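First the structure, in the form of structure tokens, and then the observations on it.
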Amino acid sequence: MIGPNRVIVHGHGREYYVKAGEGKLSTDLGMIDLAEVAGLENGDEILTHLGKTFYVLVPKATDFFAHGKRTGAPMMPKDIGMVMAYTGMCRRDRVLDAGTGSGIAAIFFGGCAGSVVTCEARPEFSKIAEGNIRDAGLDNVECRACDVLEVADGPYDIVHLDMQIQPEHVRHVYPLLKIGGYFATYTPFLEQTFCVMDTARELFGEESVLTFECMERELTRSKRGTRPSTRVSHTGYLTVCRKL
């Protein structure tokens with residue numbers, strides 16, 4: 001049973017991100033009783049008072065990216081996915097995530113890792129992220145309103161930074177990593193990327209540092225033909241190192 005949690009009400013080309021439990025959802029196809037939604041299961045149908053059918057879905061991480069409350073621009077799902085893929089993140093891992101922002105990366109990580117500690121230096125941002133993570137129903141993600149330089153409770157299997165990175169941040173998290181653990185950073189600008197690469201090479205060794213440009217091109221298809229989208233495909237840079 002869904003209970004009083006966030007849900008997606010979907011149908012007829014429309015999608016609503018609402019909290020089940022109390023009140024009414026007003027749509028152009030009729031009213032939906034949100035108390036009734038709370039008693040349903042994922043994928044169940046619900047009718048508006050005009051008899052139109054909608055479906056109730058338990059949100060996934062991608063839905064929180066689309067609908068969660070934002071404090072800025074979060075990492076794109078493809079970039080978060082690259083972090084998870086290149087670090088081999090799994091349920092055995094304890095993850096440190098810094099630069100929480102809206103908490104979207106922490107939500108993705110929490111659905112995969114054993115536990116996640118996510119740090120945000122701005123308390124007002126941390127509070128909003130904590131709300132998003134609570135809405136996601138994740139009890140294995142801990143939000144801390146602190147600078148990552150204050151974290152001292154290693155070891156961690158994976159450390160991920162998405163923030164204004166300075167050499168001291170890389171040097172601070174290195175001893176927090178287990179042997180065999182991974183360090184990953186997302187950086188939007190080359191200057192920050194070079195800072196990470198140069199400092200990481202001192203600590204992890206030159207051969208251990210891999211940096212990628214994060215790109216994605218959507219295909220568009222019409223009667224005229226199929227081609228890559230002309231939208232901007234670049235987002236940033238991912239650097240991954242393993243402590244050996």
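Throughout, read-outs are computed from the coordinates displayed, never taken from laboratory work. Only a predicted model underlies this, so the values are computations on that prediction, with no experimental measurement involved. Here the Cβ is made from the backbone with ideal geometry for all residues, glycine too, and neighbour counts use every protein chain on show.
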Compute the acute angle (0 to 90°) between the alpha-carbon long axis of helix 123-135 and the principal axis of greatest extent of the alpha-carbon atoms of the chain; round to the nearest 10°. 50 degrees
For region 87-150, what's the radius of gyration and Dmax over Cα atoms, in angstrom? 10.7, 31
Mind checking which of PHE65, THR53, GLY88 is farthest towards the positive end of region 45-95's charge dipole, using Cβ charges of +1 (Lys, Arg) and -1 (Asp, Glu) about the Cα centre? GLY88
Quick check: the angle from helix 77-87's long axis to the longest principal axis of the chain, C-alpha only, nearest 10 degrees? 50 degrees
Tilt relative to the chain, helix 190-204 - C-alpha long axis, 0 to 90 degrees, to 10: 60 degrees
From the square roots a ≥ b ≥ c of the eigenvalues of the alpha-carbon gyration tensor of region 102-244, which class results: rounded (a/c under 1.5), prolate (a/b over b/c), or oblate? oblate
Of all DSSP beta bridges with both partners in the chain, the antiparallel percent, nearest 5, is 65 percent
Quick one, what does Rg over Rh come out to for region 38-136 if you take C-alpha atoms and the Kirkwood Rh? 1.07
Measuring from the lowest to the highest alpha carbon on each principal axis, how far does the chain reach, largest first, in angstroms? 66, 51, 30
Any idea what the dipole of region 58-148 comes to, in debye rounded to 20, about its Cα centre with Lys/Arg Cβ at +1 and Asp/Glu Cβ at -1? 140 debye
